[in-house]
Each structure stands twice: as C-alpha cells, then as structure tokens.
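As structure tokens, the structure follows; a few thoughts come after it.
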Amino acid sequence: MTSPKNPLVFKIFTECRKTKARTSKIYLPHGEVDAPVFMPVGTQGTMKGLLNEQLYNLEIQIILANTYHLGLKPGREIIEKAGGLHRFMNWNRNLLTDSGGFQMVSLLKLAQITEEGVKFQSLNESKLEILLTPEHSIEIQNSIGADIIMQLDDVVKTTSTDVNRITEAVGRTSRWLDRCLMAHKKADSQSIFPIVQGGLSTELRTKSALEHCSKNVRGYAIGGLSGGESKDDFWKMVHLSTNILPKDKPRYVMGVGFAVDLVVCVALGADMFDCVFPTRTARFGCALIMTGQINLRQKKYQNDFSPIDKECRCSTCETYTRSYLHHIVTMHTVACHLVTVHNLAFQQRLMKTIRVNIKEGTFPDFVRKFMYDVYPDKKYPSWVADSMKAVNIDLIR
Amino acid sequence: MKFSVKTSVKSAPRLGKLYCSNDSPSSFRFQTPMVLLYTRGGSLPHITHEVFKMISKNQEIIQIPLTSTYSFHQAMSQFEGNIASFVGMKDCLSYMTVQDPGELTQSGHHVKDNIPIWTRGGKVMINADKYMDLIENYKPDMYCMLTDSDTNVASLNKRIIKSVDNTIKFYNKCMERHTKSEILKDTFVIASVTGGYSIRERKRCLDAVTSNENVGGYVIDGLHNNGPEVEFIPFDEVKPVVKYVTENLPVDKVRIVQGCWNPLMVLHLVGCGIDIFDTSYCYIVTERSAALTFSLGTDDKLQKFEINLRESQYADDFKPILPNCTCLACTKHTRGYIHHLLAVQELLGPILLTIHNVHHYLRFFEKIRECIKENTLPEYQTKIAKEFREFEKKISSRTSSDTSVIAAES
C-alpha cells in the first residue's frame, strides 16, 4: 500500500455510529498496523526482556523507542553504522520514536527551554551543556529510521496554570514543527507527527490543533497530557483535539495505557496509544486482568494453581500458575519476562476486542459492559460517565 | 530410569545410555556424557519456557537445587503434579540436588543430623526425614540423597570425617525411606560419595554406599563448596581423589559431578569416566557478560576461549557472537547489539548470552560423545587446553595488572 513517496497510508474501515470510535489500518514501511493500536515501549532498542520472536507471536505490529536514550547509548554513529535501529535490533516491523524533548524535561531537572531548543547538562562524566534543537532531534530520528517520528515540542507540565508559559509553548511548538519539517531528510520513509499542546486550556488547545491542521503531515499526536492532571480535564482535551484534527489521519494520544483510559480515548476518536505502564508494572509483579490488576506478590496466590487469567491464551497463562509466579516474582528475572508477556498479551487482546466491537457495530454495548465489569457497583468516576455521555453512551442508564 | 554402559574399564571415557522406566532398550532418551540444565527457582536463569523451546527441541533433564526451590514446599504439598510441571517445564525430566552448584555454599553451621540449606528465607535445617518428605512432595524423576558435602581442598581432617559420618547416616536413612516409598518406586536415586581430598575417607564412604543394587548412580561430592570458584580448580588437585573414586565405583552405575567446572576440566573428568555434568558454568559465564567461543571442531584453527561482550571493541562489531553458530542469538543478533544491551543493562542481554552459552555447551557435549566414538578425545582435549591456557593467561595478566595498580595507589 505504501509507495516510496508515501510512507504512511491511513484507511478507515468502520466508524462507530454513536461514538467517535473507528477501526482503521495504518500502512507503514514495515507492515500494516491495525488501529486502534496500543504500542508497547521498548526504550533502549529492546522490549524489556522479550525476544523479537515473542513480540511477533503476540502479533505486535509497532513498538516505540526513545530518541533521548538511544542518542546517548549506543549513540547516533553506531546506529547509523548498523543501518538504522530496525537492523541494529533486527526488528522487521514498525517503529515509532519520540523526539527526546519529553525525557529531557521529565528526567532532567536542569533542562532549560529557549527558542533555540532544550538546553541540558549531559548525564555522562563530561557534564557538558548540550542543546537539543528541533533540527538535532530530527537528525537523530533520521539516523534511527523509525517509521513514524515525532516533532520536538515544548512540553509544559500539565498541572501548570501559568497561562503565559502555556501560550509561549503552543507558539513555540508550532514554530519548532516548521523547523522539524524543514530539517527532515527522509520524508519518503519516515512520517513526522506534530504534537498538539496547550495544557488544559480549551482556547490554547484549539489554537495548537488548528495550527497543526494547516501543515502537510500524515498524522497527529495529542501531547502534554497523562502527566498527573485531573481526568476530568484530560478527557475534555482529547475530545476537543479529535474534534478539530482531520478525520482522515491517524491520531495518537501519547502516554495512555490503562485499560479504562484506552476504552475512553478510543470512543473519543483516538487511534494510537503508548505507555510504559503494562511493562513497568509487570516488573513489580503486577499482572493485568479485565477488571484491573493482581499483585502476584500477595500471599493469597501462594497456593493458587490457576493461570493469571483463564481467558488469556498467552504463553505464560498456558504454562504457568499464579502460585509459581508468586514464588519467583521479584526474585528471578524469568518472573518479569513471564508477566511482561502476559501484560502485552492483555493489551493486545483488549485492543482487538475493541476493534472487533467497532467493526460489528457493538462498540457502545461493549463500553457499557466493560465499564460495568470494572465498576460493578456502577459508581462510575465522573470523568468516565461524562466522557461517555459526550459521545452518546449513557452508562448510568 | 535405567542406565546402561558398555565398558569394563572403570576410569576412562565412556558412552552410556539413560532410559526412562517404560522405554524399550532401543528407545533410550539420553546419551552420556551429558549435561543437565541448571535451574534457579525452577527456571533456567533468564529463560522462560517459551524461550527454552527455541533453544532446545530435545527433551532435557533440568537440575533443580532444593536451596532455590525450598520455598515451594507448602504449595507443592497441595499441587497435584510434580516439580517439573510446577515450574512450567513438564516436557523435561527433573533431577533434584541439595545444594546449588552456581552459588557458593556457606560453610559451617552444622547441627547434628541436619544439613543447613540457605534459602530465600534464610537458613533452614534439613534432616533425612524432612528431606525425604520434600522429595516425595516434589516427585522428581531423579534425585540425590541428602548429603554432607561441606568439604573442599582446605578442609581439616576432622571436618572430612564428620562429613562422611553424616553422609553415611543420611544414606542409610534415605535409602530406607526410598525402598519403602510407593511414590518413589520409579524414581532414580543417586547416592553421594563424600570424603573431601582424603583417600581413606573416600574409601570409608564408598564401602558404605556402594552395596545396594537399588541405587541408580553416584555423585562425587565434597570436592568444593560450589559457586564461581570451581571454575579455576586445577585438575591435578582433584585427580587423585576422582581417579580413586571412579576406580572403586561399580562400573555399571551412572557417575555425576556437579559444579561450574571449565570445559577443559570437563574433558579431564570425562577421561576419568564421569557421565553427567550441569550447565551452572554457562550461568557464571553469562553473569560476567561473556560468551563461549571455544572450538567445537578438531581442525588446527584455534579460537578464542570466550569473549566478553561488555568490552568496547564490540560496540560496532556487527558479526554474530560465533560465525556458523546456529543458535538464535547468533542467527538473529550481533555482538554490537548484545554489547549495547549489556552496556545499558537491559534484560535481553543475559537472555541472548544464555541462549548462546547453553547452546554452545550442549554442542560441546555432542562433540565429546562424537570424539569418544571416534577415539579422538585426546586431540580435541589438546586443542581445548591450548585455547584455555590462552584465556587463563589473559585473565591472570588482567588480575595481576589490577593488583599492581592497587599497589601503586596505596
């Protein structure tokens, strides 16, 4: 489906009649991606202890890598020498890289943002001041060679109420987008996504989204959320952004990975998601199930000879009991790997269920059933009830 | 299980076969000399069952030390299957041992009629009855009787005598329980021969444990206290004792030596008529970020014994660990990628190293069997000895230069 000139083709298959949900395929240079899709995070060019073969078994079509980490180690030069990250890690499906800006702001307290770029002190012995500019970010992302790459954006903490600062960030993000698009050298194999900013302000979000709409790009990201803001604000920002962004291009909500959040965001019209949560929580012995998660360290699993989830068909649930996992969890790396496989299988199964229900026209029923299972007392959090009401699903009914 | 070997020479390389009870004589499962797959907490270090299936298509025997699986005992008393199925490896046979060959066993802490084992929850004292209760619970296909193996080359006579006294006592008690046990009637039981480096004590132990036909085989214990130190024990040190023991063991019983012996040592021990080893050596090699690359062929070309992929020279080396190796790590990934994974401490690093190292070690044992068949073991051993000496030289020059730096600083 992709021609050398067009490394991203987006095709919508079914649109939900009630909500804004849709199923689609994103055709990328390393194969197609069924959306709505959850993209697991493989920060340093590897998916937390899993072999590529295991990811293929899980039918994972796209994973994330972090530009900031890869830029430090192994470094741009080595990745170029290897022929890009796909070849370096021998991953033959799709990759998406972030711009590195978010990590800098979240990991490095001393980062300073100027019109030129993000200035920070290097973490290695040299303690040199490094400036990450939009051009530099794209240069590294070009070397990495991911199928989808992100613009460098000016991220403001979502909890910030400094209107001037958020206004500045929106303007700067637009200007940096232009610089990123200018610097992009591999437009025929990589697609840059702009990132909608604007904090929790309706006005500024609208401004940011509208500005991005005028650019010649193949998809959009909604950023600056999932940073500790209230969920009541979060969903409104997603809702507002998807209302503005063109229907015929994929929309990626960054940093979303909890099951309830995924269901809500899909209903609000988002197509792509990423989050470290499923893999990170696995390393602490937490396994995901449809109604939440279980902590395998708890004593009650000591003699529980059932699998994590009877409905799950993953290699962990087919072979291992909760009891065995309880005994080795946090003791042996094997336990991390086993729970990671399960949690990724869970995310895959959830997204597949979502897609099937949209396709079959049963998505609103699915949402009601799903939320009822998670909140059997029907005490829905206001943001869940309100957001679903906004897309014509009445949970309380 | 049954063991058969066609040889009358007591202390020489030998080819044997290990059968399961219901196998016909033509359908043996395992050929010896062979290697058991070392586990911790019931799993191969870093390797899940899904990945294990990518390493080996054959049936294998996993070695399960009680020290890292003792915490399972409450669950095992309610679990319906055996230990192999509890740890998710039901397609493997299991062999239970008391101590963990991959980890240094703390010396001392002796209490009459008990053996201290160091578990997740600390020290646990085990007597013969408690041990046999555990074995009946865990239901391994093969197990070693409780033994006092707390001796090494430096042990005093008093400790050695005590270890043999205890081992004989445990042997009698375990054998009595084993013979009466309905659950263990098809289980292959291994007796332990202890006695440190004293021929006299080894003889006393052998005299006590070699008369019962129901014993399936013997493990030569008490040569060391397990862990990485075993790697550099020289053959000359253990030779007199091992020779003495193998010459006095019944020729038709399987012989096991456990521990992280280096491959050259394995060849020496095979030369003494040892049949079974374990992969704890692969574990310690992996933990130091190294990959085994010693020769598996008998041509003249010498190879590096092992390479340490943490070294920066591998950062932009996009060759496989070992050209022509057919393991998943070598067919799919490069030294440069593995170097990166190790440098940033990603979990996939030790996984790929384990895949390669275990694969290489399994092939090493195939090579040993082939050499015995073709009478070429001495040539192969000469070659491995050369490669190993080079490696030792490199290691010792590194350690001596390290000490000189420290000396200069102080």
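The values are calculated or read from the model by the stated rules, or taken from the named source; none is laboratory data. No experiment lies behind these values; they were computed from the predicted model shown. Cβ: placed from backbone, ideal geometry, glycine included. Neighbour counts: every protein chain shown. In case anyone asks, the SASA skips ligands and DNA or RNA and just uses the protein heavy atoms, side chains included. Shrake-Rupley method; radii C 1.70, N 1.55, O 1.52, S 1.80 Å.
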> Any idea which residue in segment A:73-82 is modelled with the lowest pLDDT, counting only those that are open to solvent by 70 Å² or more (accessible area, probe 1.4 Å) and at the interface with another protein chain (Cβ under 9 Å from one of its Cβ atoms)?
Replying inline: A:LYS73
> For segment A:62-70, does any single residue satisfy the condition of being over 30 Å from A:LYS236 (Cβ atoms), free of Cβ contacts under 8 Å to residues at least 40 places away in the same chain and within 14 Å of another protein chain (Cβ to nearest Cβ)?
Replying inline: yes
>> Can you say whether B:GLN99 is over 17 Å from B:THR39 (Cα atoms) and either surrounded by 21 or more Cβ atoms within 10 Å (Cβ to Cβ) or within 13 Å of chain A (Cβ to nearest Cβ) (or both), as far as the supplied structure shows?
In response: no
> Among the residues of segment B:296-316, which ones are open to solvent by 20 Å² or more (accessible area, probe 1.4 Å), closer than 29 Å to B:LEU377 by Cβ and of a type outside the set (D, E, K, R)?
Replying inline: B:LEU296, B:GLY297, B:THR298, B:LEU302, B:GLN303, B:ASN308
>> Residue under question is A:ASN57, and the condition is that it be surrounded by fewer than 20 Cβ atoms within 10 Å (Cβ to Cβ), more than 10 Å from every other protein chain (Cβ to nearest Cβ) and of a type in the set (S, T, N, Q); does it hold?
In response: no
> Is there a residue being touching an Asp or Glu at 6+ places or on another chain (Cβ under 8 Å), away from chain A (no Cβ under 12 Å) and open to solvent by 10 Å² or more (accessible area, probe 1.4 Å) anywhere in segment B:44-58?
Replying inline: no
>> Checking the condition surrounded by fewer than 17 Cβ atoms within 10 Å (Cβ to Cβ), touching a residue at least 12 places away in the same chain (Cβ under 8 Å) and touching a strand residue (DSSP E or B) at 6+ places or on another chain (Cβ under 8 Å), which residue from B:HIS110, B:HIS178 passes?
In response: B:HIS110
>> So in segment B:59-80, with the set limited to residues that are within 11 Å of chain A (Cβ to nearest Cβ) and in contact (Cβ under 8 Å) with a residue 12 or more places away in the chain, which one is surrounded by the fewest Cβ atoms within 10 Å (Cβ to Cβ)?
In response: B:SER77
> Does segment A:262-273 contain at least one residue that is touching a Lys or Arg at 6+ places or on another chain (Cβ under 9 Å), more than 10 Å from chain B (Cβ to nearest Cβ) and surrounded by fewer than 18 Cβ atoms within 10 Å (Cβ to Cβ)?
Replying inline: no
>> Can you confirm whether B:THR147 is surrounded by 21 or more Cβ atoms within 10 Å (Cβ to Cβ) and away from every other protein chain (no Cβ under 14 Å)?
In response: yes
>> Looking only at segment B:113-123, filter to residues that are in a strand (DSSP E or B) and open to solvent by 20 Å² or more (accessible area, probe 1.4 Å); which one of those is nearest to B:SER71 (Cα to Cα)?
In response: B:THR119
>> What pairs come out if I take residues in segment B:117-140 that are within 14 Å of chain A (Cβ to nearest Cβ) and pair them with residues that are hydrophobic (A, V, I, L, M, F, W, C) and open to solvent by 50 Å² or more (accessible area, probe 1.4 Å) whose C-beta lies under 7 Å away, six or more apart or interchain?
In response: B:ARG120/A:MET331
> Restricting attention to segment A:40-54, and to residues there that are in a strand (DSSP E or B) and buried (at least 24 other Cβ atoms within 10 Å of the Cβ), which single residue is nearest to the chain's Cα centre (by Cα)?
Replying inline: A:PRO40
> Out of all the residues in segment B:317-330, is one or more of a type in the set (Lys, Arg), part of a loop (DSSP other than H, G, I, E, B) and either within 14 Å of chain A (Cβ to nearest Cβ) or surrounded by fewer than 20 Cβ atoms within 10 Å (Cβ to Cβ) (or both)?
Replying inline: yes
> So A:ILE244 clears everything in (1) surrounded by 18 or more Cβ atoms within 10 Å (Cβ to Cβ); (2) within 26 Å of A:PRO36 (Cβ to Cβ); (3) of a type in the set (A, V, I, L, M) except one condition, right? Which one?
Replying inline: (1)
> Failed condition for B:THR293, given (1) crowded, with 18+ Cβ neighbours inside 10 Å; (2) more than 30 Å from B:SER4 (Cα to Cα); (3) more than 10 Å from every other protein chain (Cβ to nearest Cβ); (4) touching a helix residue (DSSP H, G or I) at 6+ places or on another chain (Cβ under 7 Å), with all others met?
Replying inline: (4)
> Looking at A:LEU110, A:LEU85, which is the one that is within 23 Å of the chain's Cα centre (by Cα), of a type outside the set (Ser, Thr, Tyr) and either more than 9 Å from chain B (Cβ to nearest Cβ) or within 15 Å of B:LEU341 (Cβ to Cβ) (or both)?
Replying inline: A:LEU85
> Residue check: is A:PHE277 modelled with pLDDT of 95 or more, surrounded by fewer than 19 Cβ atoms within 10 Å (Cβ to Cβ) and over 30 Å from A:HIS184 (Cβ atoms)?
Replying inline: no
> Where in segment B:1-109 are there strands (runs of 3 or more DSSP E), lying wholly inside it, with at least 3 residues that are within 19 Å of the chain's Cα centre (by Cα)?
Replying inline: B:16-19, B:30-32, B:34-38, B:61-65, B:93-97
>> Condition (residue is in a loop (DSSP other than H, G, I, E, B) and not acidic (Asp, Glu)) applied to segment B:347-354: is it met by at least one residue?
In response: yes
> Looking at segment A:299-395, what helices (runs of 4 or more DSSP H) fall wholly within it and have at least 1 residues that are away from chain B (no Cβ under 14 Å) and touching a Pro at 6+ places or on another chain (Cβ under 7 Å)?
Replying inline: A:333-359
>> If a residue counts only when it is modelled with pLDDT under 95, which strands (runs of 3 or more DSSP E) contained entirely in segment A:104-217 have at least 2 such residues?
In response: A:118-121, A:129-132
> Could you count how many residues in segment A:346-367 are in contact with a Lys or Arg (Cβ under 8 Å, 6 or more places away or on another chain) and open to solvent by less than 50 Å² (accessible area, probe 1.4 Å)?
Replying inline: 3
